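The next block holds one structure in the form of structure tokens; read it before the comments.
The values are calculated or read from the model by the stated rules, or taken from the named source; none is laboratory data. Everything numeric in this text was worked out from a predicted model, so none of it was measured. Glycine also receives a Cβ, built like all others from the backbone with ideal geometry; neighbour counts cover every protein chain displayed.
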Amino acid sequence: MRQLAERGYTNLLTASRDELDLRRQSAVEAWFHEHRPEYVYLVAGTVGGILANSTRPADFIFDNMMIHATVVHAAWTSEVHKLLYLGSSCIYPREAPQPMREDYLLTGPLEPTNAPYAVAKIAGIQLCQAYRKQYGCDFISGMPTNLYGPGDNFDPESSHVIPGLIRKFHDAKMAGESTLTVWGTGSPRREFMHVDDLADACIFLMDHYDGDQHVNIGTGEEVTIAELAEMIRRIVHPEAELVFDSSKPDGTPRKLLDNSRIHALGWRHSMDFEAGLRRTCEWYIEHHEQAPGQGAGLSDGAQDKL
Ligand code: GFB
């Protein structure tokens, strides 16, 4: 939304969860026929980190399958000009060769901690391809890597690792605690993209890509969770020390994306990871009372943007 507004778009439509439950087909059909959007960024979903995924599989598969199915179908019936659907890098097999190319999809078993969510996201890709094949719809798919940035869900249980650690480390600093707990062994490797880079990539794909194959959107750079935790410790609570809780799951050992397809289209990320991480820590420290995921609010880590 920020980047579309900066580019001068004014007729922006959104539908928050309070205004429209994207899982309800009749409500979605009515909204699309009333508002007739020309371009749709389908970025809605019930999302969360490794713990939320492994403890709420029914929510993650049901919500996301319903959201994709109702919105993609309504985009067809209301003659949307173009739709961009966002999946996730967890769609690839747990043991896929690294970095992961788009054609590694469905070549092996998924990571168990988020298989239901991954199946729902894979169905979203198939939906766009099927509506393109049968009805000629210009529906495209992007597969972002792990994301971070301002406005994320910072709930300590349901969030992804970067907001989760920022929140926990900041709470520890405020409480004067000197140990910082990191889930797992710290050995998994992850690739992280700032949300502003992803937004730029989404607008780029909407403007320049019309293929039926999904497109990876990553930075090609990875860090171990231990290195990440150390970076956040140094920024947020340098007096404390890290402790690793190996009773918590590590999840996929690695999920580095091969980004040569989007690079060949002419797009690359621009945000330096250290700088982006520092900016996100500073944003949270400044806004933490209002940040999503504080207290009871976003306990399920659900996010809802169309
Ligand atoms: O970001 P995260 O929850 O999701 O976890 P995934 C990444 C790694 O960080 C895991 C470790 O190895 C976690 O054990 N970690 C350490 C933590 N401390 C924490 C913490 O305090 N909070 C969290 N959340 N993790 C998700 C998928 O996998 O990636 C989703 O489950 C989605 O479906 C998302 O695809 C992008 O990267 O493991």
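Annotations for the structure displayed:
- Selection within region 48-69 - crowded, with 22+ Cβ neighbours inside 10 Å and more than 19 Å from E157 (Cβ to Cβ): N64, I67, H68
- Residues (buried (at least 20 other Cβ atoms within 10 Å of the Cβ) and under 28 Å from T55 (Cα atoms)) located in region 201-232: N216, I217, G218, E222, I225, L228, A229, I232
- Pair list, Cβ < 9 Å and 6+ apart or interchain, from region 104-131 residues that are farther than 12 Å from P93 by Cα and in contact (Cβ under 8 Å) with a residue 24 or more places away in the chain to residues that are part of a loop (DSSP other than H, G, I, E, B) and among the hydrophobic types (A, V, I, L, M, F, W, C): Y117/V47; I125/L105; C128/C137; Y131/C137
- Contact map, region 168-185: first residue more than 17 Å from S158 (Cβ to Cβ) and basic (K, R), second residue part of a loop (DSSP other than H, G, I, E, B) and within 15 Å of the ligand (Cβ to nearest atom), Cβ cut-off under 9 Å, separation 6 or more or different chains; pairs are K173/H237; K173/A240.
- Entry remark, region 148-163: residues being touching a Pro at 6+ places or on another chain (Cβ under 7 Å) and closer than 17 Å to P238 by Cα number 0 in total.
- Leading residue by the ranking (surrounded by the fewest Cβ atoms within 10 Å (Cβ to Cβ)) among those in region 83-134 that are among the small types (G, A, S) and more than 16 Å from the ligand (Cβ to nearest atom): G108
- Scanning region 256-306 for residues that are part of a loop (DSSP other than H, G, I, E, B), modelled with pLDDT of 95 or more and at negative phi turns up L256, D258, N259, W267, R268, H269, S270, M271, D272.
- If you go through region 135-187 and pick out every residue that is in contact with a Phe, Trp or Tyr (Cβ under 6 Å, 6 or more places away or on another chain), more than 10 Å from the ligand (Cβ to nearest atom) and farther than 30 Å from D212 by Cβ, you end up with 1.
- Filter result for F192 (of a type in the set (F, W, Y), surrounded by 22 or more Cβ atoms within 10 Å (Cβ to Cβ) and in a helix (DSSP H, G or I)): no
- Only listed residue being at negative phi and either small (G, A, S) or under 15 Å from the mean Cα position of the chain (by Cα) (or both), chosen from G220, G211, G186: G211
- Some residue of region 53-70 being more than 15 Å from the ligand (Cβ to nearest atom) and within 15 Å of the chain's Cα centre (by Cα): no
- A search for C-beta distances below 7 Å between a residue of region 202-231 that is hydroxyl-bearing (S, T, Y) and any residue that is within 14 Å of the ligand (Cβ to nearest atom) and not in a loop (DSSP other than H, G, I, E, B), counting only pairs 6+ apart in sequence or on different chains, returns T219/E191; T219/M193; T224/R189.
- Residues of region 5-23 classified as surrounded by 12 or more Cβ atoms within 10 Å (Cβ to Cβ) and touching a helix residue (DSSP H, G or I) at 6+ places or on another chain (Cβ under 7 Å), total: 6
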